[in-house]
Amino acid sequence: MHLQPDIGDKSQYRGVGIGFSASTQLPTSTHLAVNGRTGIGTTSPQEQLSVAIGGSSSSTYPTTTSRGDVIQTLTAGNNIIEFGNARGNNARKAWILARHSTTSQYGQHYSVLHLQPDIGSKTHYRGVAIGFSASAGLPSNAHLAVNGTISGKEIVCQISGLPDYVFEDDYDLPTLNEVEEHIKEYGHLKDIPSAAEADENGVELAEFTSQLLRKIEELTLYTIAQQKEIEALKKKVESE
């Protein structure tokens, strides 16, 4: 049964209105308008649009040949975004998957899923927040903020200018006496944030890694110098 079928001329077309007063007229570009909550798969929608796939004792998850418990898809050409929500009771798993639209042929091909992509201006940019309250805001320079622990197998951090210059002949290596004096006065190594500074401001991972490596390289030079002194003393003792 067609409601307002296309009869070939849409210059004065008006669509279907649900929940509006009988005198309400829809614009010509609107085919369907609903004034109220709409439920798909549910008779008691709690929001403007509620979609349900029903509970079950088991869940199915996306594979190369199956969408799993997908609750909504958005398709453009042969590209698709799948919004999944495991239907098993207490499964507590949901996902967003971007890939080719035909799982039987292209399901193994992922698409890039951008969150907050760069659109050319970052004057008022705000990034992605995880684990914060919904009312929390992020500073404009934060692309990702996580309020909690991040677990991963590997993190690749792009670092430029690692401190190999420490091993150059003209590097001004502080003496151990100078290092000791700085520790006595400030309570931490030079060029390394104090515990209070790190607690207040955090540390920039790339910069902090470079700073720590510089201290390790300096320590290596101290160790080499001390080893040479030990060997010289051993030779002196053996010759006496």
Using the per-residue mean of other Cβ atoms lying within 10 Å as a proxy for protection, in what order, highest first, do the peptides 79-87, 139-147, 156-164, 217-225 fall?
79-87, 217-225, 139-147, 156-164
Calculated from the structure, percent of Cα pairs over 35 Å apart equals which of (i) 52; (ii) 26; (iii) 16?
(i)
Dipole of the chain (Lys/Arg Cβ +1, Asp/Glu Cβ -1, origin at the Cα centre): which of GLN4, ASN90, TYR125 lies farthest to the positive side?
GLN4
Quick one: dipole size for the range 158-239, taken about the Cα centre, charges +1 on Lys/Arg Cβ and -1 on Asp/Glu Cβ, in debye to the nearest 20.
540
Gap separating the Cα centres of the range 20-56 and the range 68-108, nearest whole Å:
23
Positive end of the charge dipole of the chain (Lys, Arg +1 and Asp, Glu -1 on Cβ, about the Cα centre): tell me which of SER140, LEU221, VAL203 has its Cα farthest that way.
SER140
Coil-residue chymotrypsin sites (Phe, Trp or Tyr not before Pro) of the range 127-213, DSSP, other Cβ within 10 Å capped at 16:
PHE132, TYR171
Under 23 Å from the Cα of LYS228, which lysines turn up, not counting those fewer than eight places away in the same chain?
LYS215, LYS236
Pair LYS228, ASP118: separation of 7 Å Cα→Cβ label points (nm):
4.6
222 nm [θ] for the chain, helices only, -39500 (n - 2.57) per DSSP H run of 4+, per residue, to 500?
-7500 deg cm²/dmol
Could you tell me how many degrees, from 0 to 90 and to the nearest 10, lie between the Cα long axis of helix 205-239 and the main elongation axis, the longest principal axis, of the Cα atoms of the chain?
20
Can you work out the Karplus-derived ³J(HN,Hα) for every residue in the range 95-105? Use 6.51 cos²θ - 1.76 cosθ + 1.60 with θ = phi - 60°, whole Hz, and x for glycine or proline.
7, 10, 10, 10, 6, 5, 6, 9, 5, 5, 10
Given labels modelled 7 Å from the Cα in the Cβ direction, how far is it in nm from SER151 to ASN90?
1.9
Given unit charges at Cβ for Lys, Arg (+) and Asp, Glu (-), the dipole magnitude of the chain about its Cα centre in debye, nearest 20, is 2220
At a 10 angstrom cut-off on C-beta neighbours, averaged per residue, how do the peptides 100-106, 5-11, 172-178 rank from highest to lowest?
100-106, 172-178, 5-11
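Readers should treat all values here as calculations from the given coordinates under stated rules, not as data from a laboratory. Quick caveat: nothing in here was measured; it's all calculated off a predicted structure. A quick note on method: Cβ atoms are made from the backbone with ideal geometry, for glycine too, and the neighbour counts reach across all protein chains shown.
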